[in-house]
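To start, the structure under review is shown below, and the notes come after it.
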Amino acid sequence: MTVDQIRLSIFLGVLVLMLVLESFIPRHPTVDSKPRRLAINFSLTGFNVLLVRGLLGGAAVGMAHFAGQQGWGLLNYLDWPVPLEMAMGVVFLDLMIYLQHVVLHMIPFFWRFHKVHHSDLDLDVSSGFRFHPLEILGSMIYKLGLVAALGPSVMTVVVFEVILSGMAMFTHSNIKLPLGLDRTLRWLFVTPDMHRIHHSVEVDETNSNYGFNISIWDRLLGTYIHDGKKPQPEIVIGIPEFRTPQQVSLLKLMLIPFQSTR
Ligand SMILES: [Zn+2]
Ligand SMILES: [Zn+2]
């Protein structure tokens, strides 16, 4: 199997597992039609994959390869043992995308694009890939800069990308984990309950729990909320601006960043 086939198998495996778990042990009642949302979110996913492949095909991995050849980046300079380098690379990249996420919320220009992710009226495995194409492109360019500066190995970048997409499906999924398991996992990792608070319509809750994979950045930097104002099944998901399915059709999602905000 090639690396691409392994990535695709892990992606499909996690996707199917989450869809099955969501149907058996849902955590949160839904307000919008699931088939309709899946169609919108996966159309966006498909478009974004084609866009990134078309414009920057394999760019992060290519950049890691190039930086390695050129001896660019901190990790190429330090020459650490491979397992240590991979672990440090993954943790550092995770911190940097946590910081990127804070910036997406704090700077109004970036929030215009990130709002599309938060406009989902329900959360499930498909929400993990609901991003405006221009946010995806911006994130790719940011990631290329990070890889050039850090100089992780090609394998580190691949492992990070696989973890990130697998965790995006898990943390957005509408599954009810046993409370004890949620609590234990949360010491180190982001769980669906933790990320659902980030998607709450309450502004102070939207501006919390920014982590993607590791939960410690939120704890260390004071952006962690353990419990929202409402119990998990009653959390109102979304943002105040968009409260009906009609406001968040696929076409309208594409236009959200360009609307005037009053
Ligand atoms: Zn966010
Ligand atoms: Zn999210």
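The values are calculated or read from the model by the stated rules, or taken from the named source; none is laboratory data. Just so it is clear, the model here is predicted, and its values are computed rather than measured. Here the Cβ positions follow ideal geometry from the backbone for every residue, glycine too, while neighbour counts run over all protein chains shown. We work out accessible area using only protein heavy atoms, side chains counted, and drop any ligands, DNA or RNA first. Shrake-Rupley method; radii C 1.70, N 1.55, O 1.52, S 1.80 Å.
Give me the pairs: first residue in the range 72-100 and among the aromatic types (F, W, Y), second residue surrounded by fewer than 18 Cβ atoms within 10 Å (Cβ to Cβ) and modelled with pLDDT under 90, beta-carbon distance under 9 Å, and six or more apart or on different chains, which are they?
W72/F66; W72/A148; W72/A149; Y77/G71; F92/L74
When you scan the range 215-229, how many residues do you find that are of a type in the set (V, I, T) and either farther than 18 Å from V103 by Cβ or part of a helix (DSSP H, G or I) (or both)?
Result for the range 215-229: 2.
Pick out the one residue from G138, G180, G145 that is under 23 Å from L251 (Cβ atoms) and either within 15 Å of ligand 1 (Cβ to nearest atom) or free of Cβ contacts under 8 Å to residues at least 24 places away in the same chain (or both).
Just a single option satisfies the conditions, and that option is G138.
Hand me the list of helices (runs of 4 or more DSSP H) wholly inside the range 97-195 holding 1 or more residues that are of a type in the set (A, V, I, L, M, F, W, C) and either modelled with pLDDT under 95 or crowded, with 19+ Cβ neighbours inside 10 Å (or both).
Fully inside the range 97-195 and qualifying: 108-118, 133-150, 154-172.
Output the residue which, of all residues in the range 222-246 that are open to solvent by 70 Å² or more (accessible area, probe 1.4 Å) and touching a residue at least 60 places away in the same chain (Cβ under 8 Å), is nearest to D204 (Cα to Cα).
Among residues in the range 222-246 that are open to solvent by 70 Å² or more (accessible area, probe 1.4 Å) and touching a residue at least 60 places away in the same chain (Cβ under 8 Å), the one nearest to D204 (Cα to Cα) is E241.
Does the range 3-19 contain at least one residue that is acidic (D, E) and more than 28 Å from S200 (Cβ to Cβ)? Step through it out loud before you land on a result.
If we filter the range 3-19 for residues that are acidic (D, E), which is where we start, we get 4.
Filter again for more than 28 Å from S200 (Cβ to Cβ), leaving 4.
For the range 3-19, residues acidic (D, E) and more than 28 Å from S200 (Cβ to Cβ): present.
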